[in-house]
Amino acid sequence: MILEAQRRPLLPADVPEPVPGRGQALVRVRACGVCRTDLHILDGDLTEPKLPLVLGHQVVGVVESVGEAVDSTRPGDRVGIPWLGWTCGVCRYCRSGRENLCDRARFTGYDVDGGYAQWTVADVRYCFPVPDGYRDLQAAPLLCAGLIGFRAYRMTGDAGRLGLYGFGAAAHILIQVAGHEGRAVYAFTRPGDTDAQQFALELGAVWAGASTDPPPEELDAAIIFAPAGDLVPVALRSVAKGGIVVCGGIHMTDIPSFGYDILWGERTVRSVANLTRQDGMEFLRLAPAVPVVTHVQTFPLEAANDALASLRAGTVRGQNVIVVDDRSSQP
């Protein structure tokens, strides 16, 4: 399914099977998660994608063949392909363990073709082994909602009372991690979204309400997954002195001005950018130990536009996943 132009529906297309280059693997795609970043690309919020483009950066598949200079990945390996698809390895960010900030980074489903297709190629440095015990469909959300969410979660330190603004794919994974670590989660949803609030309570939230509601007690930290800048001052008012507000998305509407009094008291606002391979390895070890259970709604590849529309409408319980290969139901 090809994106020919932003703000237009994806189109079905037959394209040549890609050929893996040096350091790359050819992957037969089985499943691909549908992320809000895909919507931001489609809707033109992220303005410089390569076009035409195959979206999708929560890819689970099986290696078919590899290019030159590959010895860590073999045909038959089941791999996950995340958002961060390539880094230079030599800039000051890469050399200091901050490859997520590489100025020349390339991103899957944005700079290079992603997983809304039967085949894709990927840099083997950024192909993660999929944990045993996860079926392809259930593994797909781990690769962005899980990985980026986990990076945001670690930025909250040892917060005992954690607020999650926007109870979507990432939040439904992180609430399980937080519960495993003994933290209390407070879930904030769109006003009136009682289904999402009930879902959060079922997964262990100690409280769930509208994003406009104050929590019943002060929070130690909050993560904002909803791409709404007006939630930043709302979250700041909800965290205690010394609290942290983490903006977990790649795109957010403008943050309105707010009084210094709600930032004062050594409160912190910070963003999350991309992920590192270390994040991937740590989270994919942790997920089966929790164990994280992902909740998915499935769509065939040809219905990718419907999957995106469902995400835009906010009707997803967990995460939408595109089934590319029927074998995706197998472990």
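How big is the Cα convex hull of the stretch 1-147 in projection, averaged over all directions, in nm²?
In nm², the orientation-averaged hull projection of the stretch 1-147 is 8.7.
Could you work out how much longer the chain between L101 and T268 gets when fully extended? Use 0.36 nm per residue separation minus the Cα distance between them, nm to one decimal.
Computed gain between L101 and T268 is 58.1 nm.
Taking the stretch 138-180 on its own, what percent of its Cα-Cα pair distances exceed 15 Å?
That fraction is 34 percent.
Using a Gaussian network model of the chain with C-alpha springs under 10 Å, which one of V124, V206, V66 is most mobile by mean-square fluctuation?
V206
Tell me the volume per residue, in Å³, of the convex hull enclosing the alpha carbons of the stretch 48-134.
Dividing the Cα hull volume of the stretch 48-134 by its residue count gives 115 Å³.
How much length would be gained if the chain were fully extended between D132 and R154, taking 0.36 nm per residue of separation minus their Cα-Cα distance, in nm to one decimal?
5.5 nm
Report, as a whole number in µm² per second, the diffusion coefficient that Stokes-Einstein gives for the stretch 259-331 at 4 °C and 1.567 mPa s using the Kirkwood radius over alpha carbon pairs.
Translational D for this selection: 80 µm²/s.
Computing the accessible area with a 1.4 Å probe over protein heavy atoms, can you report the carbon and sulfur percentage for the chain?
That share works out to 49 percent.
Calculate, axis by axis, the spread of Cα positions in the stretch 188-282 along the three principal axes, and write the results as whole Å, longest axis first.
Cα extents, longest axis first: 39, 31, 24 Å.
With springs only between Cα atoms under 10 Å apart, run a GNM on the chain and tell me which of L137, L55, L203 wobbles the most.
Of the options given, L203 has the highest mean-square fluctuation.
Looking only at GluC sites (Glu not before Pro) in DSSP loops with at most 16 other Cβ atoms within 10 Å, what is the longest site-free stretch of the chain?
Within the chain, the longest run free of exposed GluC sites (Glu not before Pro) spans 69-180.
What is the distance, in nm, between label points placed 7 Å from the Cα along the Cα-to-Cβ direction at E68 and at E4?
3.6
Helix 304-313 versus the longest principal axis of the chain: what is the Cα-based angle in degrees, 0 to 90, to the nearest 10?
It is inclined by approximately 0 degrees.
Answer with a single label: of (1) 56, 42, 39; (2) 89, 53, 37; (3) 64, 48, 38, which was calculated as Cα extents along the principal axes in Å from the structure in view?
It is the value labelled (1).
Probe of 1.4 angstrom, ligands and nucleic acids ignored: what's the accessible area per residue over the chain, in square angstrom?
Normalised by residue count, the accessible surface of the chain is 44 Å².
Measure off 7 Å from each Cα along the Cα-to-Cβ vector at N305 and F258, then give the distance between these two points in nanometres to one decimal.
Each label point lies 7 Å from its Cα, and together they span 3.9 nm.
Report, to one decimal in Å, the Kirkwood hydrodynamic radius for the stretch 1-86 based on all distinct Cα pairs.
14.2 Å is the Kirkwood radius here.
From the helices alone, meaning DSSP H stretches of at least four residues, give me the mean residue ellipticity at 222 nm for the chain, per-run term -39500 (n - 2.57), in deg cm²/dmol to the nearest 500.
-6500 deg cm²/dmol
What is the set of long-range amide H partners of G80 at a cut-off below 5 Å, with H atoms built 1.01 Å from backbone N?
Close amide H contacts, sequence-distant or interchain: F128, V130.
May I have the convex hull volume per residue, in Å³, for the Cα set of the stretch 101-195?
Hull volume normalised by residue count: 167 Å³.
Scan the stretch 1-67 for trypsin sites (Lys or Arg not before Pro) in coil per DSSP, keeping those whose Cβ has at most 15 other Cβ atoms within 10 Å, and list them by number.
Filter output for the stretch 1-67: R7, R22, K50.
The values are calculated or read from the model by the stated rules, or taken from the named source; none is laboratory data. As the structure is a computational prediction, the values presented were derived from the model and not from experiment. Positions of Cβ are backbone-derived with ideal geometry, glycine not excepted, and every protein chain shown enters the neighbour counts. All accessible areas refer to the heavy atoms of the entire protein, side chains included, with ligands and DNA or RNA removed. Shrake-Rupley method; radii C 1.70, N 1.55, O 1.52, S 1.80 Å.
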